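S.K.: Mind looking over this structure? Questions follow.
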Amino acid sequence: MIYLELFWSFFQIGLFSIGGGYAAMPLIQRQAVDVHPWLTMTQFTDIMTIAEMTPGPIAINSATFVGIRVAGLSGAVIATLGCVFPSCVIVLTLAYAYYHFRGLALVQGILSGLRPAVVAMIASAGLSIVFMAFFGQRSLPAELANIDVIAVGIFIACLFCLRKWKLHPIAVMAGAGAAGLILYSLF
Amino acid sequence: MDHPRSKYWKLFISTFQLSACTFGGGFVIIPLMRKKFVDELHWIEEQEMLDLTAIAQSSPGAIAVNASILVGYRVGGPLGALITVLGTVLPPLVIISLVSLCYTAVRDSVIVSMVMAGMLAGVGAVICDVVLNMLKGLTKQKRLLPLAVLVLSFAAVRFWDVNIIVIILVCGMIGAADTLLRMKKGGGEA
């Protein structure tokens, strides 16, 4: 039963990927390339590239892609369902607990310890994306000569629009995409 | 929040739009959600959003999906969560279904990669903006401990490759210990 296999495979991917998309990649490879003959290694690399180019979480993108190749549109829906099912159960339980117990002083204390850590993690993820945009890699390279001047320009312009004029982030991102298209074709 | 049905509709439309715009990994949705649900709709408080981010981050699955479940539950209970999951999952489902018809063309398209390169720089700016706002909130407290936790967790995640779950556990324990100590001192306001 292919639907059951799809559901179960992506259920496991959803359950064991903690910490975002890059944690999910090896799990997807294992399920879709090694355990099941759903994708070749080249197709896997392609879907990872496309997942980066399109909106949405990597796990959902690859669930849709694999599902549609293996069993059409209904396969895509089943695989996606499998992928989000563990999240729904676990996160809803935690949400219930959070809103039930957050008034307690001890829980407040735990949460106040977590908040700066969350800011640090978002800052680190942001830094990775900035380096990716400027240098094409997630960490600062040894030589800074290969910096992408257009990307730096777009970054500074966007930050200015966000902080000075408080423009909406989605508008800023759309503008950045348009600026990329124009500037990279010109230079 | 006038009519419950319009609230659910707003939830769906908001998460649908946000999900359609989250390029570059799950963290991007956090600043967008903050803008939408904290600043625009006033459905969620600033501190609460950080708490929800911590929960979304430390639970299994995609951060964008987890965060939207939390926001949906907060605003509309379990039904709200179901609606936000649907709103978050639909855009990638539709887009990838279309892309899978001609994925080699998309993969090799120069135009798509130029737009993406521009957007990546924009996404970086969006996250920087939010981090700056969050830092402002933290320094307002005028306490040393949160800043120390901030710097150490940044180093742990960036340079020492420490597992995120470990960081969450340790910081939670630091926060608990700090609160218990302050309560013992009889500070009262903890």
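The values are calculated or read from the model by the stated rules, or taken from the named source; none is laboratory data. Keep in mind that what you see is a predicted model, and the values were worked out from it rather than measured. When we count neighbours, we look across all protein chains shown, and the Cβ atoms used for this are built from the backbone with ideal geometry, even at glycine.
S.K.: Please determine whether any residue of segment B:67-74 is part of a helix (DSSP H, G or I), more than 23 Å from A:T80 (Cβ to Cβ), β-branched (V, I, T) and facing chain A (nearest Cβ under 7 Å).
M.R.: Within segment B:67-74, the subset part of a helix (DSSP H, G or I) is B:67-74.
Of the ones still in play, those that are also more than 23 Å from A:T80 (Cβ to Cβ) are B:74.
Going one step further and asking which of them are β-branched (V, I, T), we end up with none.
No, there is no match, as no residue in segment B:67-74 is part of a helix (DSSP H, G or I), more than 23 Å from A:T80 (Cβ to Cβ), β-branched (V, I, T) and facing chain A (nearest Cβ under 7 Å).
S.K.: Within segment A:54-76, can you find the residues that are without any contact (Cβ under 8 Å) to a residue 24 or more places away in the chain and at the interface with chain B (Cβ under 7 Å from one of its Cβ atoms)? Don't jump to the end; show me each part of the working.
M.R.: Step one: filter segment A:54-76 for residues without any contact (Cβ under 8 Å) to a residue 24 or more places away in the chain, giving A:54-56, A:61, A:64-65, A:68, A:72-73, A:76.
If the condition is that a residue be without any contact (Cβ under 8 Å) to a residue 24 or more places away in the chain and at the interface with chain B (Cβ under 7 Å from one of its Cβ atoms), then A:T54, A:P55, A:G56, A:N61, A:T64, A:F65, A:I68, A:L73, A:A76 are the ones that fit.
S.K.: Name the one entry in B:S59, B:S97 that is at the interface with chain A (Cβ under 7 Å from one of its Cβ atoms) and crowded, with 19+ Cβ neighbours inside 10 Å.
M.R.: On the way: B:S97 fails: crowded, with 19+ Cβ neighbours inside 10 Å.
None of the others qualify; the one that does is B:S59.
S.K.: Next question, about the same structure. What is the residue count in segment A:46-96 for residues that are assigned to a helix (DSSP H, G or I), within 13 Å of the chain's Cα centre (by Cα) and crowded, with 24+ Cβ neighbours inside 10 Å? It would help to see each step written out before you state the result.
M.R.: Quick first cut of segment A:46-96, residues assigned to a helix (DSSP H, G or I) only: A:46-53, A:58-96.
With within 13 Å of the chain's Cα centre (by Cα) added as a condition, the list becomes A:48-53, A:58-62.
Next, only the ones that are crowded, with 24+ Cβ neighbours inside 10 Å stay: A:51, A:58-62.
Of the residues in that region, 6 qualify.
S.K.: How about segment B:146-190: which of its residues are among the aliphatic types (A, V, I, L, M), more than 8 Å from chain A (Cβ to nearest Cβ) and not in a helix (DSSP H, G or I)?
M.R.: Correct list: B:V162 only.
S.K.: Could you tell me which residue of segment A:8-28 is surrounded by the most Cβ atoms within 10 Å (Cβ to Cβ), considering only residues that are more than 13 Å from chain B (Cβ to nearest Cβ) and over 16 Å from the mean Cα position of the chain (by Cα)?
M.R.: A:S9
S.K.: Just to be sure I understand the filter: pairs with C-beta atoms under 6 Å, separated by 6 or more residues or on different chains, first member in segment A:135-164 and not assigned by TED's automatic domain parsing to the domain that holds A:A123, second member surrounded by 14 or more Cβ atoms within 10 Å (Cβ to Cβ). Which pairs pass?
M.R.: Every condition considered, no pair remains.
S.K.: If I ask for residues that are closer than 30 Å to A:F44 by Cβ, surrounded by fewer than 19 Cβ atoms within 10 Å (Cβ to Cβ) and in contact (Cβ under 8 Å) with a residue 24 or more places away in the chain, which ones from segment B:65-94 would you list? If you could, list the steps in order and put the result at the bottom.
M.R.: Step one: list which residues in segment B:65-94 are closer than 30 Å to A:F44 by Cβ, which gives B:65-69, B:84-94.
Next cut, surrounded by fewer than 19 Cβ atoms within 10 Å (Cβ to Cβ) only: B:86, B:90, B:94.
The answer is B:L86, B:L90.
S.K.: Something else: Going through B:V131, B:V123, B:V106, B:V162 one at a time, which residue ends up being within 23 Å of B:E48 (Cβ to Cβ) and surrounded by 14 or more Cβ atoms within 10 Å (Cβ to Cβ)?
M.R.: Values: B:V123 fails: within 23 Å of B:E48 (Cβ to Cβ); B:V106 fails: within 23 Å of B:E48 (Cβ to Cβ); B:V162 fails: within 23 Å of B:E48 (Cβ to Cβ).
Of B:V131, B:V123, B:V106, B:V162, the one residue that is within 23 Å of B:E48 (Cβ to Cβ) and surrounded by 14 or more Cβ atoms within 10 Å (Cβ to Cβ) is B:V131.
S.K.: Given the condition at pLDDT 90 or above and within 23 Å of B:L70 (Cβ to Cβ), answer yes or no: does some residue in segment A:70-80 qualify?
M.R.: For segment A:70-80, residues at pLDDT 90 or above and within 23 Å of B:L70 (Cβ to Cβ): present.
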